[in-house]
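Laboratory data are not the source of any read-out in this text; all were calculated from the coordinates shown. This structure is a prediction, so every number in the text was calculated from the model and none was measured. Glycine gets a Cβ as well: all are built from the backbone with ideal geometry, and neighbour counts include every protein chain shown.
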Amino acid sequence: MAKARTQFICQNCGTVHPRWVGKCEGCGQWNTIVEEDPMGGIGGGPGKTPKKGRPVALTTLSGEIEDAPRVMTGISELDRATGGGFVRGSAVLIGGDPGIGKSTVLMQAAAALSRRGHRIIYVSGEEAVAQVRLRAQRLGAADTDVLLAAETNVEDILATLSEGKRPDLVIIDSIQTLWSDIVDSAPGTVTQVRTGVQAMIRFAKQTGAAIVLVGHVTKEGQIAGPRVVEHMVDAVLYFEGDRGHHYRILRTVKNRFGPTDEIGVFEMSDKGLREVTNPSELFLGERNSKSPGAAVFAGMEGTRPVLVEVQALVAPTSLGTPRRAVVGWDGARLSMILAVLEAHCGVRLGQHDVYLNIAGGYRITEPAADLAVASALVSSLAGLALPSDCVYFGEVSLSGAIRPVAHTAQRLKEAEKLGFSQAVLPSASADLPKGAGMSWAEMESLPDLVARIAGSKGALRQKDDDD
Ligand code: TYD
Ligand code: MG
């Protein structure tokens with residue numbers, strides 16, 4: 001018999017190498033290559049004749065769907081992130097750092113669904129039954145009919161799930177603990193995880209049960225080991241948040257059945273996660289509006305406006321190369337704003353350290369934050385506080401022009417609701433509300449903004465001369 005050839009597979013990105021190497025050519029990670037049996041010991045390989053196929057029954061697009069296609073938890077922030085509930089027959093991957101609250105949110109979801117009469121099975125591979133029970137008690141879920149198992153073997157899990165009535169939702173916590181008899185590799189390797197996940201997805205498609213898979217995330221922010229899993233599932237949600245803060249955000253990264261820009265916001269309490277229906281109040285809660293360098297950004301997350309504070313500190317540097325540090329925003333985008341400020345507005349920052357932080361550990365991905373960032377930077381450099389009742393949004397282009405962004409009316413409405421009375425926004429913005437309780441200044445270019453904040457650059461000049 002021909003010797004089974006082994007392959008060397010990167011545990012980070014799944015790239016296959018013919019021999020062992022220290023650094024993966026696919027993703028550039030070090031020490032991620034592991035020797036695995038490519039066929040995973042699953043029949044196959046040279047010399048074996050494949051099983052003869054059996055025709056399947058073809059069907060039409062129209063036809064009966066037994067139940068409602070979605071199972072709603074009633075936890076509105078979770079339902080929002082999944083696009084209106086878990087879809088029957090689909091697989092959802094929930095990723096996040098260890099300890100962020102994945103098991104907690106899923107136990108709460110399981111309890112809520114169980115109370116609505118759904119059959120829920122929670123398979124924990126990481127914790128013993130007693131530990132899961134303890135958490136359920138803490139969450140006030142111990143009296144529900146959630147069925148529990150502590151198991152990691154894929155075949156045993158499938159056999160268990162196939163018994164009795166079909167479950168409406170199955171939670172597998174986590175995919176890194178899954179292992180299958182038919183694969184020789186160690187648990188947690190790409191082949192094992194892939195095989196386990198594939199088996200679970202097949203079960204979901206065959207039975208119509210919704211499957212939720214929990215996956216840990218590495219320091220680099222990827223689902224640990226197999227990014228390949230992201231391609232296999234129907235939806236990917238990331239649970240993020242800062243250990244120093246209580247709130248957690250469930251962010252949709254991929255969704256075959258719904259929008260991908262929605263977030264669900266929660267607050268971690270001693271009795272589990274609480275929904276936060278108005279995130280702006282949470283993010284603006286600890287605001288000190290009198291200090292220079294703080295600008296409130298009126299942002300959008302999917303269909304919902306979210307107000308957050310952008311904080312900047314611009315200080316003379318003592319180093320040869322000034323520091324640029326960003327938390328919660330894109331570093332490349334900050335460099336771009338700094339370059340535009342230097343090139344078009346005469347704001348010299350070459351001798352200054354620049355620190356930028358999004359308050360509360362929140363992360364902004366929208367380019368519409370450019371204007372708020374620029375305002376915070378100029379405000380800090382000039383040492384002049386911005387008006388505390390003003391919000392900022394707009395995209396800055398390389399030419400220094402300020403470009404309109406979508407959802408102007410919604411942003412303004414949210415700002416007004418939270419007690420703001422002014423806005424600085426791009427000129428030529430569409431859908432400006434008529435007769436609203438807010439006043440706004442339309443900015444055509446970044447120099448206009450600098451002049452508005454620093455008073456025709458007088459404050460900046462003086463500060464530069466002081467240095
Ligand atoms: P957990 O859901 O176990 O995280 P993950 O499954 O993502 O690894 O959450 C663990 C953290 O949440 C832990 O630090 C304790 C905290 N926690 C609370 O603050 N309140 C609670 O009610 C629960 C259940 C957990
Ligand atoms: Mg857990």
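Values for this structure:
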quantity: Radius of gyration, Dmax [segment 302-374; alpha carbons; angstrom]; calculated: 13.0, 45
quantity: Scattering curve values for segment 322-467, log₁₀ I(q)/I(0), Debye with Cα scatterers, q = 0.11 Å⁻¹; calculated: -0.40
quantity: GLU416 versus ARG256: modelled label distance in nm, points set 7 Å from Cα along the beta carbon direction; calculated: 4.3
quantity: Dipole magnitude of the chain, debye to nearest 20 (Cβ charges: Lys/Arg +1, Asp/Glu -1, about Cα centre); calculated: 880
quantity: Percent RCO, i.e. relative contact order, over the chain, from Cα pairs under 8 Å lying at least 6 residues apart; calculated: 12
quantity: DSSP beta bridge pairing in segment 292-416, given as percent antiparallel to the nearest 5; calculated: 75
quantity: Rg ratio (alpha-carbon, reference 2.2 N^0.38 Å) - segment 144-203; calculated: 1.12
quantity: Filtered GluC sites (Glu not before Pro), segment 359-460: DSSP coil and at most 16 other beta carbons within 10 Å; calculated: GLU444
quantity: Residues TRP440, TRP329 arranged by fewest to most Cβ contacts within 10 Å; calculated: TRP440, TRP329
quantity: Gain on full stretching of the segment that runs from GLU64 to ARG116 - 0.36 nm per residue minus C-alpha separation; calculated: 16.4 nm
quantity: Between segment 326-397 and segment 113-175, the alpha-carbon center distance in angstrom; calculated: 47
quantity: Order of TRP20, TRP179 - criterion: other Cβ atoms within 10 Å of each residue's Cβ, fewest first; calculated: TRP20, TRP179
quantity: Taking all pairs of distinct alpha-carbon atoms in the chain, Kirkwood radius in angstrom; calculated: 25.1
quantity: Residues LEU58, LEU113, LEU338, sorted so that the one with the fewest Cβ neighbours within 10 Å comes first; calculated: LEU58, LEU338, LEU113
quantity: Sites THR207 and SER397 - FRET efficiency at Förster radius 56 Å, r taken between beta-carbons, to 0.05; calculated: 0.60
quantity: Helix-derived mean residue ellipticity, 222 nm - over the chain, DSSP H n ≥ 4, -39500 (n - 2.57), to 500; calculated: -8000 deg cm²/dmol
quantity: DSSP beta bridge pairing in the chain, given as percent antiparallel to the nearest 5; calculated: 50
quantity: Free-standing Cys residues across the chain, given no other cysteine C-beta under 4.7 angstrom; calculated: CYS345, CYS390
quantity: Mean separation of Cα contacts under 8 Å, 6 or more apart, over the residue count of segment 158-258: relative contact order %; calculated: 22
quantity: Debye intensity ratio I(q)/I(0), log10, segment 80-160, q values 0.24, 0.25 Å⁻¹ (C-alpha model); calculated: -1.46, -1.51
quantity: Estimated FRET transfer efficiency when R0 is 45 angstrom, pair LEU384-LYS271 (beta carbons, to 0.05); calculated: 0.55
quantity: Chain lengthening between ALA150 and ALA186 when straightened (0.36 nm per residue, less Cα-Cα); calculated: 11.1 nm
quantity: Farthest toward positive dipole pole in the chain [+1 Lys/Arg, -1 Asp/Glu at C-beta], among GLY99, GLY302, LEU178; calculated: LEU178
quantity: Among 133-141, 190-198, the order from most to least packed when residues are scored by Cβ within 10 Å on average; calculated: 190-198, 133-141
quantity: Backbone N within segment 356-393 under 16 Å of label point (7 Å from GLU442 Cα along the Cβ vector); calculated: 393
